[in-house]
Amino acid sequence: IRLGYLTLDILGDSKTVVSKCQSENRDRSEIGAIISDIQALKGLFQNIRFFFIPRTGNFEAHRLAKEALKKGEEQYLEGETLRAFYEEPDPNGLDYSEQRERR
């Protein structure tokens with residue numbers, strides 16, 4: 001929302017969570033409060049879609065999340081993955097670790 005996106009596709013590897021996010025029904029499970037928050041925020045977007053992606057197809061996102069949790073940091077990748085940073089040379093000649101320090 002803060003980034004100004006009007007359309008959002010969310011990919012998840014839990015069929016249950018994706019299904020609950022797609023639903024308009026109130027969820028009474030342990031994660032019901034989180035699902036309720038997600039459902040309340042859906043109206044702020046012109047178009048929001050939730051897709052189930054099996055873990056095998058969601059490997060890169062899972063790897064990024066685990067890496068961020070280990071380091072205790074948040075990462076916001078807009079339309080990219082970290083793999084793009086590893087593979088594409090920086091026009092300023094900085095390597096990946098130097099790019100991270102600048103952020």
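General remarks:
- Matching residues, segment 52-61, being of a type outside the set (Gly, Ala, Ser), exposed (fewer than 14 other Cβ atoms within 10 Å of the Cβ) and either on the phi > 0 side of the Ramachandran plot or assigned to a helix (DSSP H, G or I) (or both): Arg55, Thr56, Phe59, Glu60
- Segment 62-72 - residue that is surrounded by fewer than 12 Cβ atoms within 10 Å (Cβ to Cβ) and not charged (D, E, K, R) and, of those, farthest from Ser14 (Cα to Cα): Gly72
- Matching residues, segment 21-48, being more than 20 Å from Arg2 (Cβ to Cβ) and in contact with a strand residue (DSSP E or B) (Cβ under 8 Å, 6 or more places away or on another chain): Gln22
- Members of segment 10-51 found to be open to solvent by 50 Å² or more (accessible area, probe 1.4 Å), in a strand (DSSP E or B) and at pLDDT 90 or above, listed by number: Asn47, Arg49, Phe51
- In segment 59-75, the residues that are charged (D, E, K, R) form Cβ pairs under 7 Å with partners that are modelled with pLDDT of 75 or more, at six or more places apart or across chains, as follows: Glu74/Ala68.
The values are calculated or read from the model by the stated rules, or taken from the named source; none is laboratory data. All of these numbers come straight from a predicted model, not from anything done at the bench. Neighbour counts are summed over all protein chains in view; Cβ atoms, including those assigned to glycine, are modelled from backbone coordinates with ideal geometry. To get the accessible areas, we keep the full protein, side chains included, count just its heavy atoms, and leave off ligands, DNA and RNA. Shrake-Rupley method; radii C 1.70, N 1.55, O 1.52, S 1.80 Å.
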